[in-house]
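The values are calculated or read from the model by the stated rules, or taken from the named source; none is laboratory data. None of the values given here were measured: they were computed from a predicted structure. As a convention, Cβ positions derive from the backbone with ideal geometry for all residues, glycine included, and neighbour counts pool all protein chains shown.
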Amino acid sequence: MAEIQVLLVDDQVLFVQSLRTVLNTVAADIHVCGIALNGKEAVDFVSRQRPDVILMDVRMPVMDGVEATRIIHKEHPDISIMMLTTFDDDSYVVEALNEGAVGYILKDVPPEELIIAVRAIYSGKIIISPQVANKLLHAKEMGPTNPSSSHARSSSESNVMKYLSKREIEVLKLIGEGYENSQIAERLFIAEQTVKNHVSIIYSKLNIHNRIKLMKLAGSIKGYIGSEGDG
């Protein structure tokens, strides 16, 4: 089995070097192929060498992790980027995930949990620390502060319910609760491929092509989904 090539991006030299030692020593299927001390170095590294996974800090000099994620994801959407930070600030969570990050995990997790997370995002899963997920799914609280945004959200919620079928609403509800496609299939007693088809249709109807954004939307209209899905 090929090793998972990982790029570490963090301006704390001692931390990032220690993390490289841990990953290369403990996980036989993971290899740290490089270290970058800021977002710009990460962007430059990716232009020369293509890692499978990037563990990206948020706050760094020269270029922060959110901007680096935006640039890298735009050019190389196949690279899985997980934010690895001590900060669980709402704005950073939303920005990073909206720019293409597929994971957000705090630095104080045990090494074995981080290794599991790396393997998970490499295989296509989304990993978010429980502390972060709880805030992320409260999308209304993290939405724009513009006074007119409440009306805009209500209009958006109404449109969602108008365009989706009852089954698509059921799928969206479970996505909002953090279930993966295989788990949704089990709960709804349908094939996983059928779930994938529903998700693709939901993406198309709502013009959303990011699972995290879909989770946020589902969280923001949770009350609507419940009332419609049960009727």
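Worth a mention:
- For the stretch 7-48, the set of residues classified as free of Cβ contacts under 8 Å to residues at least 40 places away in the same chain and in contact with a Gly (Cβ under 7 Å, 6 or more places away or on another chain) consists of Gly39, Phe45, listed by residue number.
- Of residues in the stretch 89-128 being charged (D, E, K, R) and surrounded by 15 or more Cβ atoms within 10 Å (Cβ to Cβ), the one nearest to Leu14 (Cα to Cα): Lys107
- Residue list for the stretch 104-135, restricted to those being touching a helix residue (DSSP H, G or I) at 6+ places or on another chain (Cβ under 7 Å) and at pLDDT 85 or above: Tyr104, Ile105, Leu106, Pro111, Ile115
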